[in-house]
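The values are calculated or read from the model by the stated rules, or taken from the named source; none is laboratory data. Note that the structure is a prediction, hence the values are computed from the model and not measured. Here the Cβ positions follow ideal geometry from the backbone for every residue, glycine too, while neighbour counts run over all protein chains shown. To get the accessible areas, we keep the full protein, side chains included, count just its heavy atoms, and leave off ligands, DNA and RNA. Shrake-Rupley method; radii C 1.70, N 1.55, O 1.52, S 1.80 Å.
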Amino acid sequence: LIKDVPHQKSDSTLSSLSLLKNHKLLIIIGVVIIGASIPCVLEPTLPLRLQKGMQASSGVTGLLFAIPTLAYAISAPVIGSLSQRIGHYKAMTIGMVLAAVCFPFIALANSVWLVAITLTFLGIGMGTAITPCLPEFAEISEKSGTDSFGASFSIYNTAYSIGMMIGPTLGGILTNYLGIVRSYCAVAVIILVYMVFFNVCNRLKYKTV
């Protein structure tokens, strides 16, 4: 319905390359990859755990996988408002910590209900980590003088896709060699290590990569 919108041409390839030189953007890309991979780590491993350890049917397993997505969708508006008040970087940190804490509990849970509750908090953690990323991408794009937000959003989508590819691969390999409990604990450690790196870079004003 909007007519005569002024349009400014920009080279999206050059814009994306220039944005990728921004250290601030690079560490947020890591958060997006981790946030996207969180539910995907569970896909090749959790169904077997539910079926063999808890005799859960395929229908119950499918419903359980819907829980983190629903929790993410419902909590996202609240998280967006909260991140505006406490700061996007604090929100991302809280999200990563919450997600990391949930992983061992998913592996150790001995009932479907406990898994469901933990998956709810995992979805909230995933949302808390990812939701503030997109506004930060837009802000970085604006401050860098890039003519189009499409460049930063394309980087965001690429990072999200990479996370969805890494998640099941990492989950399957770790579970194969370590077992489900140790593998989920290893994923939690990876998230926490990156969270520490993220905060160190933030405090050093992104002079460290």
Taking Glu136 as the residue in question, decide whether it is in contact with a His (Cβ under 9 Å, 6 or more places away or on another chain), assigned to a helix (DSSP H, G or I) and among the charged types (D, E, K, R).
yes
Which listed residue is among the polar types (S, T, N, Q), touching a residue at least 60 places away in the same chain (Cβ under 8 Å) and touching a Pro at 6+ places or on another chain (Cβ under 9 Å), from Thr45, Thr61, Thr120, Thr69
Thr45
Can you work out which of the residues in the stretch 77-127 that are under 13 Å from the mean Cα position of the chain (by Cα) and over 29 Å from Ala56 (Cα atoms) is most open to solvent (accessible area, probe 1.4 Å)?
Ile94
Looking at the stretch 157-187 only, could you name the residues that are buried (at least 20 other Cβ atoms within 10 Å of the Cβ) and within 28 Å of Glu136 (Cβ to Cβ)?
Ala159, Gly163, Gly167, Gly171, Val187
Could you please find all residues in the stretch 28-76 being open to solvent by 30 Å² or more (accessible area, probe 1.4 Å) and of a type in the set (Val, Ile, Thr)?
Ile33, Val60, Ile67, Thr69, Ile74
Within the stretch 194-201, identify whether any single residue is at pLDDT below 90, assigned to a helix (DSSP H, G or I), touching a helix residue (DSSP H, G or I) at 6+ places or on another chain (Cβ under 8 Å) and surrounded by fewer than 14 Cβ atoms within 10 Å (Cβ to Cβ), and answer yes or no.
no
Looking at (1) assigned to a loop (DSSP other than H, G, I, E, B); (2) of a type outside the set (D, E, K, R); (3) modelled with pLDDT of 85 or more, which is the one condition that is false for Gly127?
(1)
